[in-house]
1. Any chance you could run the full-extension gain for residue 51 through residue 11? It's 0.36 nm times the residue separation minus the Cα-Cα distance, nm to one decimal.
2. Against the longest alpha carbon principal axis of the chain, how many degrees, from 0 to 90 and to the nearest 10, is the axis of helix 57-66 turned?
3. Using Cα-Cα distances under 8 Å and only pairs 6 or more residues apart, what relative contact order does the stretch 5-66 have, in percent?
4. Starting from the Cα of residue 17, draw a straight line to each of the aspartates and glutamates and keep only those under 13 Å, dropping any in the same chain fewer than 8 residues away.
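Readers should treat all values here as calculations from the given coordinates under stated rules, not as data from a laboratory. Just so it is clear, the structure is predicted and the values come from calculations on it, not from any experiment.
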Amino acid sequence: MAISPEILSILACPESKAAVVLEGQFLISTDADTRRRYRIEDNIPVMLIEESEVLPEEEWRKIMVKHGKV
């Protein structure tokens, strides 16, 4: 089961409060300064800053372009 569009629309990056996009088994912050990636385990987003990753700018930008966010 995937994350529903309704749930996705209310989720936000806990660090920047920016919207997130779903990319595979990850939620990616749309904030260019933080570029956080949060994993999804058993269909549950792990939205903990200390367990997230910071994406390299080029990788983050490609994902944002794919989702129409840049």
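1. 12.8 nm
2. For 57-66 against the chain, the angle is about 60 degrees.
3. Answer for the stretch 5-66 is 23 percent.
4. 31, 33
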